[in-house]
Amino acid sequence: MIWATIEGIDGAGKTALAEALGAKTAFPSARAREALAIAQSPTEKRAIFFGDMGLQLDLKGRAFPRDSQWITDRGPLSTIAYGALDNDDVPCERLIRAALSYGLFVDVVFYVDVPVTVALERQRLRGGMGVDDLGGAEGDFKALEALAESYNTAITRFVEACVDRGHPGPDVVILDGRRPTEDLAEACIGVLKRILSGR
């Protein structure tokens, strides 16, 4: 089984990359929110969009069984990054412990790194901003900068926590999100082939 997640700030190009990889590989591609459609109760459905981070992690654990292969647009790291950013009372370490307690050991993280200005322009071209912020363009810029920093912290601490628990932790591949999606997909396929050949 391989679980690869594509992470990055809003407007980084995660969905386009996940779709390109899904079309080029035998891996099913899913957006995390779509895969979380297994949520049954109103409480579970609200959690997906309104921030019960522990329940989000539980749902992700059930949505992506360990005996299958997945490429997902967002994974547990997005829950950790957004959770640590949005909830001052929910530290990053607590969310990481929760993710690992659900067995959410990701094999590879493709982090699509783009300048905030590029991400904002992509959001504008799509007809809206990806960050729910009422501060206008300057507020959106600051919110995405904070999210990028939260992702960096979450990735570093998640890898360290995996190693501390005797798990090798995910391979983390930083991708230049300014490059064409097709180029990024080919780079990801090379990494996935290397991982599969080592198993």
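The values are calculated or read from the model by the stated rules, or taken from the named source; none is laboratory data. Note that the coordinates shown come from a computational prediction; the quantities given were computed from them, not determined experimentally. No Cβ is skipped: glycine too gets one built from the backbone with ideal geometry, and neighbour counts run over all protein chains shown.
General remarks:
- Subset of the stretch 151-186 [modelled with pLDDT of 90 or more, in contact with a strand residue (DSSP E or B) (Cβ under 6 Å, 6 or more places away or on another chain) and part of a loop (DSSP other than H, G, I, E, B)]: Gly177
- Flag if Arg33 is at pLDDT below 80, of a type outside the set (A, V, I, L, M) and more than 26 Å from Ile195 (Cβ to Cβ): no
- Looking only at the stretch 99-127, residues that are out of contact with any strand residue (DSSP E or B) (no Cβ under 7 Å at 6 or more places or on another chain) and either small (Gly, Ala, Ser) or farther than 14 Å from Ile80 by Cα (or both) come to 17 in all.
- Screening Gly190 on (1) out of contact with any Asp or Glu (no Cβ under 9 Å at 6 or more places or on another chain); (2) part of a loop (DSSP other than H, G, I, E, B); (3) among the small types (Gly, Ala, Ser) shows it passes everything except condition (2).
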